[in-house]
Ligand SMILES: Nc1ncnc2c1ncn2[C@@H]1O[C@H](COP(=O)(O)OP(=O)(O)OP(=O)(O)O)[C@@H](O)[C@H]1O
């Protein structure tokens, strides 16, 4: 069953930024990683899916309804980010209790065990938790609620490395036991590429790649060697990026759909796989040079 369908979706703010053209379908019971550079539109997209923001163009359907002002979408989805706010009159224990009253699939035992494992204080308001504890607590809410659609917007902000690892493991274990539709955004694709099934890459407000993560890992190849040979060989290929030439050697990133004969013709060239995370970097590169260029020839004037 389709849970989310976006067709040329737009959610533009007054300044023109936001989501400009999102086009994808997400099926029930999948974990999708949403990645993209800072400011690419991930949060805007996820908040539009959750019904927090109203689209300005195109189409969006979540559980068959336009999400903005939809009771069905709010009852069946949960959006969590680091800015989630609860009244300080409520302790963390109270918040767990109230979630149990609101979310029909709430697993109170799991929430309690996770809070205990992650050493979350239970007798304070969320303002008294550290940044990492607060986000871990929100992560626990997202897991224990077992909402049909759960949206984690950069859930591991502030978590230390071992908490991040444990959180993702808890997420995977609970998802396998209780499949539902999960969206998770992250700037660290290499941390979630074993967890997610599909990847949605956003760039400049547009969805530019939506594929199973295993296909993303096979999507491209780095081809290196003497610059002239690389140039000649790649002339007939789909080139994604050309890396800086050094000492007469160069590397191109090409789509991995060349034939065996084409590969055999590239005798002196070296083929290396490109990780999903590196591919996303190449697909969203800006042609504005590197950070070193900011400092070169300027003398700060
Ligand atoms: N309330 C707002 N009003 C105007 N522009 C906004 C607003 N919120 C976000 N934007 C702009 O919309 C664009 C997308 O922002 P968004 O927060 O969705 O990106 P993001 O991919 O989640 O970024 P990050 O990875 O840094 O969290 C950015 O250019 C941002 O400056």
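The values are calculated or read from the model by the stated rules, or taken from the named source; none is laboratory data. The structure displayed is predicted, hence computed values, not measured ones. A quick note on method: Cβ atoms are made from the backbone with ideal geometry, for glycine too, and the neighbour counts reach across all protein chains shown.
Tabulated results
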| quantity | calculated |
| --- | --- |
| Residue that is in the same structural domain as residue 204 (by TED's automatic domain parsing), surrounded by fewer than 15 Cβ atoms within 10 Å (Cβ to Cβ) and free of Cβ contacts under 8 Å to residues at least 12 places away in the same chain, where the choices are 16, 39 | 16 |
| Conditions (1) within 13 Å of the ligand (Cβ to nearest atom); (2) out of contact with any helix residue (DSSP H, G or I) (no Cβ under 8 Å at 6 or more places or on another chain): number failed by residue 57 | (1) |
| Selection from the range 60-69 of residues that are assigned to a strand (DSSP E or B) and within 21 Å of the chain's Cα centre (by Cα) | 60, 61, 62 |
| Filter result for residue 120 (modelled with pLDDT of 95 or more, in the same structural domain as residue 101 (by TED's automatic domain parsing) and over 19 Å from the mean Cα position of the chain (by Cα)) | yes |
| Extreme residue, farthest from the ligand (Cβ to nearest atom), among residues of the range 2-38 that are on the phi < 0 side of the Ramachandran plot and not in a strand (DSSP E or B) | 28 |
| Of all residues making up the range 210-226, the number that are closer than 27 Å to residue 167 by Cβ and surrounded by 21 or more Cβ atoms within 10 Å (Cβ to Cβ) | 1 |
| Test result for residue 41, at pLDDT 95 or above and within 13 Å of the ligand (Cβ to nearest atom) | yes |
| So residue 192, is it surrounded by fewer than 19 Cβ atoms within 10 Å (Cβ to Cβ) and under 24 Å from residue 46 (Cβ atoms) | no |
| Selected residue (only one of 88, 105 is more than 16 Å from residue 200 (Cβ to Cβ), at pLDDT below 95 and either within 16 Å of the ligand (Cβ to nearest atom) or loosely packed, with under 15 Cβ neighbours inside 10 Å (or both)) | 88 |
| Residues being in contact (Cβ under 8 Å) with a residue 40 or more places away in the chain and under 16 Å from residue 95 (Cα atoms) - total across the range 129-139 | 5 |
| Residue count, the range 123-137 (criterion: part of a helix (DSSP H, G or I) and either over 27 Å from the mean Cα position of the chain (by Cα) or surrounded by 14 or more Cβ atoms within 10 Å (Cβ to Cβ) (or both)) | 8 |
| Residues satisfying the stated conditions in the range 227-269, i.e. farther than 26 Å from residue 286 by Cα and exposed (fewer than 14 other Cβ atoms within 10 Å of the Cβ) | 259, 260, 261, 262, 264, 265, 267, 268 |
| Complete set of residues in the range 80-101 that are in contact (Cβ under 8 Å) with a residue 40 or more places away in the chain and within 13 Å of residue 147 (Cα to Cα) | 80, 99 |
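Each row is one residue, and each column tells you yes or no for (1) under 23 Å from residue 206 (Cα atoms); (2) assigned to a loop (DSSP other than H, G, I, E, B); (3) within 24 Å of the chain's Cα centre (by Cα); (4) not assigned by TED's automatic domain parsing to the domain that holds residue 282.
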site: 43; (1), (2), (3), (4): yes, no, yes, yes
site: 47; (1), (2), (3), (4): yes, no, yes, yes
site: 55; (1), (2), (3), (4): yes, yes, yes, yes
site: 79; (1), (2), (3), (4): yes, no, yes, yes
site: 93; (1), (2), (3), (4): no, no, no, yes
